[in-house]
1. Would you mind stating whether Asp4 is under 20 Å from Arg121 (Cβ atoms), in contact with a helix residue (DSSP H, G or I) (Cβ under 6 Å, 6 or more places away or on another chain), of a type in the set (D, E, K, R) and modelled with pLDDT of 95 or more?
2. For the condition without any contact (Cβ under 8 Å) to a residue 60 or more places away in the chain, closer than 20 Å to Ser165 by Cα and loosely packed, with under 14 Cβ neighbours inside 10 Å, what is the one hit in Glu180, Glu188, Glu208?
3. Find the residue count for segment 130-148, including only residues that are in contact with a helix residue (DSSP H, G or I) (Cβ under 7 Å, 6 or more places away or on another chain) and among the charged types (D, E, K, R).
4. Quick check on segment 132-189: of everything there that is out of contact with any Ser or Thr (no Cβ under 7 Å at 6 or more places or on another chain) and among the basic types (Lys, Arg), which residue is farthest from Ser15 (Cα to Cα)?
5. For segment 100-145, how many residues meet the condition of being surrounded by fewer than 18 Cβ atoms within 10 Å (Cβ to Cβ), more than 8 Å from the ligand (Cβ to nearest atom) and farther than 28 Å from Asp169 by Cα?
Amino acid sequence: MRIDVLTLFPEMFESPLSSSILKRAQDVGIVDIVLTNIRDFAPDSFRKVDDKPYGGGPGMVMMPGPVFDCLEHVEKLAPPKPRIILLTPQGQRFDQAKAAELSKQTRLILIAGKYEGFDERIRIGLDAEQVSIGDYVINGGELAAMVVIDAVVRLLPGALGDQDSARDDSFSESVGGGLEYPQYTRPETFRGMKVPDILLSGHHAEIEKWRKQQTLERTKRYRPDLLRPIYPKENTT
Ligand code: 6GU
């Protein structure tokens, strides 16, 4: 997979992309992540990419020109038709299903906005998918783009050491979209807290059953909003 990121702050990506799983995935060629600075496409020598909002009001607005020019440049850097995603708090909320869907693409282009907002013509003219990482506002799309990259890359075949380690993640299909079951490692007793006997029993079928039960219980308790109806909704179309 190739992921291009358009940003005014490429340096924000350095540390997350050069550590741990994201670093390894790039080193072994599972993903190629390319950062392009939108400011390189500013029209003047002051490298200006934002301006005051028409109609007045606080803050600065990102101008459309540099974003369009940057995107057109980046699109030509590689042949696969990209899926283009604009990170914005006004987008559709990102979740595990979206991460899984994006992980099947061969190419993504993520556009991270900074400042108080985008000129509306970026939204309209790009016809990009708009994605938000949750119902709160952060200072720019960079951290959101990193969240998307991290969630997507860990699902790429070979990105995790153990092929199965993403399988039972919280929110994944294998736990019915609910929370992951509790995990334990050594020691068997820590500060008076014992590992549940079942996990030491060696009864794989029973362990599986216990884990399913735990998933259900914790999801009910901590995230009842994630519980799926027993009877799927009728198709009303
Ligand atoms: Cl993508 N950007 C900003 N600035 N805030 C957000 C977001 C994105 N997603 C949630 N909050």
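The values are calculated or read from the model by the stated rules, or taken from the named source; none is laboratory data. Fair warning: this is a prediction, and the values are worked out from it, not measured in the lab. Don't worry about glycine lacking a Cβ; one is built from the backbone with ideal geometry, like all the others, and counts go over all protein chains shown.
1. On the way: under 20 Å from Arg121 (Cβ atoms): no; in contact with a helix residue (DSSP H, G or I) (Cβ under 6 Å, 6 or more places away or on another chain): yes; of a type in the set (D, E, K, R): yes; modelled with pLDDT of 95 or more: yes.
Against the criterion (under 20 Å from Arg121 (Cβ atoms), in contact with a helix residue (DSSP H, G or I) (Cβ under 6 Å, 6 or more places away or on another chain), of a type in the set (D, E, K, R) and modelled with pLDDT of 95 or more), Asp4 does not qualify.
2. Values: Glu180 fails: loosely packed, with under 14 Cβ neighbours inside 10 Å; Glu188 fails: closer than 20 Å to Ser165 by Cα.
From the options Glu180, Glu188, Glu208, the qualifying one is Glu208.
3. 1
4. Arg186
5. Number satisfying all stated conditions: 7.
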